[in-house]
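First up is the structure itself, then whatever we jot down about it.
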């Protein structure tokens with residue numbers, strides 16, 4: 001610190017998107033952090049290219065005047081999910097259904113290993129949001145509507161990241177209250193080019209919105225996971241785009257400095273979200289001053305890094321930002337880098353590259369998938385299915401689609417459809433479970449001709465989405481999905497419905513048509529874990545992380561402040577039928 005100039009200290013506070021860096025910028029400005037946002041991948045997108053990309057910018061940081069290593073950050077929120085070939089775990093909504101902190105800790109260790117293989121030392125995870133309105137497009141990032149479950153599993157993931165011998169920095173997010181915002185409260189910012197400026201009436205309505213509640217409720221529902229995260233060793237926390245009673249969290253000195261750094265004695269650093277600081281004021285320099293003075297230590301700029309550096313420099317020069325505030329931010333960042341061992345070894349471990357997406361890592365993911373399945377209905381013991389079933393009908397395009405089973409934040413920010421990364425689809429998993437004499441027919445549209453099936457499996461899916469692009473006013477099944485279920489119902493004796501979704505859906509129109517219903521959430525690359533429980537290789541043991549509504553009226557009423565439910569829920573949180581596993585035949 002004594003050797004650093006003001007600009008070098010500000011450089012440590014600066015986080016830049018890797019694809020907006022100009023040649024030599026990391027060296028010239030002593031940039032403290034570089035990130036790959038969702039889809040910020042190298043070409044080709046494979047583990048080796050990732051390792052090379054991160055190593056290249058790290059080497060440039062070491063060539064700066066003081067040679068301070070940088071922190072490279074990614075959104076590894078369900079595995080190293082930007083990397084083609086990595087192990088993709090269930091999203092947090094599925095992990096919340098497991099109630100298994102030991103499993104989540106092991107997932108953290110596998111994720112850390114695959115990150116270190118590519119020279120990455122920081123993931124913007126876990127999300128410890130406590131979603132209160134399932135219409136929110138980030139519901140799948142929350143472990144549960146219950147803060148106790150979010151606290152338990154968020155802390156477990158952090159312990160896993162720290163428990164590999166070489167710790168990986170976590171960043172529990174988004175501090176705080178992002179899961180409790182009011183429908184229609186998301187602001188638009190004419191001066192910021194962003195997705196939230198969309199005029200689509202059913203997008204960007206909850207995400208980045210306003211939490212309208214008193215402080216006691218804020219502390220009871222949304223603060224506990226951060227206390228648990230700090231106790232588990234979290235050394236960075238990402239701040240929410242959202243507001244509390246109209247005041248943006250990125251400028252909320254009371255919650256950032258007084259509560260987090262003061263009352264909770266948080267010793268790490270606070271990082272902004274993508275362009276989050278720019279939302280504070282149409283005058284960028286004013287926005288920067290507001291954020292830094294509120295307590296932000298590192299700013300995800302992510303593009304105009306020179307302008308940010310000059311804005312902080314000017315703020316110090318004219319007295320709008322105290323030099324001591326910059327010193328505090330820089331010191332916090334450097335202490336975290338020291339705790340991660342970056343000054344001793346700024347790179348990862350190339351020996352781990354061969355294990356990225358390995359069978360042992362995928363085995364942990366398969367276990368997580370099996371434990372996350374929630375059996376909602378099982379009429380007359382429809383599951384487990386006998387491996388000796390004579391004819392099995394499988395319908396729904398999602399049954400053979402890696403992208404749909406992974407959801408958003410997979411390879412690209414919004415995810416995608418099809419074979420976006422290696423993995424096992426449910427159709428492939430089912431085919432390994434049946435006896436040689438079984439006939440399996442797969443028709444995405446559910447039209448199988450004249451031959452009848454003993455058992456039909458229909459797989460329905462939400463389209464991939466993330467953040468406000470997933471905000472939905474209506475969560476009822478589309479008409480074509482209802483028709484698909486009814487079509488297959490007429491062609492089989494027993495019908496099993498499997499649902500890929502980032503949240504509970506309203507399924508009343510097909511409820512009576514199905515003998516068994518399974519909430520599979522967004523299982524990731526190892527959908528053979530679903531086949532494991534459908535055929536009894538593992539027991540059904542998952543429990544709902546959220547109340548499952550019966551009607552959309554209930555969803556909308558329950559989300560309004562001060563209103564109790566007027567309609568009965570279909571299945572309450574923690575509901576889940578169980579089955580006994582049986583040994584392989």
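What to note about this one:
- Computed [θ] at 222 nm, deg cm²/dmol, the chain (DSSP H ≥ 4; -39,500 (n - 2.57); rounded to nearest 500): -9000 deg cm²/dmol
- The protection proxy used here, the mean number of other Cβ atoms lying within 10 Å of each residue, ranks peptides 216-222, 412-418 as follows, highest first: 412-418, 216-222.
- For peptides 395-406, 74-85, 485-496, 163-174, sequence by mean Cβ density within 10 Å, most packed first: 74-85, 395-406, 163-174, 485-496
- Share antiparallel - DSSP beta bridges, the range 6-354, percent rounded to 5: 15 percent
- C-alpha center-to-center spacing [the range 426-447, the range 70-114] in angstrom: 29 Å
- Beta bridge orientation in the range 373-558: antiparallel %, DSSP, nearest 5: 15 percent
- Degrees separating the helix 47-62 axis from the principal Cα axis of the chain, which is the longest one: 10 degrees
- For the chain: relative contact order, % (alpha-carbon pairs under 8 angstrom, 6 or more apart): 17 percent
- The convex hull defined by the C-alpha atoms of the range 344-441 has an orientation-averaged projected area of 9.6 nm².
- For mean projected area of the Cα convex hull in nm², the value computed from the atomic coordinates appears in the list (1) 25.0; (2) 26.3; (3) 28.3 under label (1).
- Peptides 377-389, 528-540 ranked from most to least packed give 528-540, 377-389, packing being the mean of other C-beta atoms within 10 angstrom over each peptide's residues.
- Rounded to the nearest 5, the antiparallel percentage of DSSP beta bridges internal to the chain is 20%.
- The translational diffusion coefficient of the range 6-354, from Stokes-Einstein at 37 °C and 0.692 mPa s with a Kirkwood hydrodynamic radius over alpha carbon pairs, comes to 164 µm²/s.
- Relative contact order %, the range 6-354, counting alpha carbon pairs below 8 Å whose residues are six or more apart: 19 percent
- Calculated translational diffusion coefficient of the range 373-558 (37 °C, 0.692 mPa s; Stokes-Einstein with Kirkwood radius over alpha-carbon pairs) equals 197 µm²/s.
- Degrees between helix 359-372 axis and first principal axis of the chain (Cα, 0 to 90, nearest 10): 70 degrees
Read the figures in this text as sums done on the coordinates, not as results from a lab. Note that this is a predicted model, so its numbers are computed, not measured. Neighbour counts run over all protein chains shown; Cβ positions are idealised from the backbone, glycine included.
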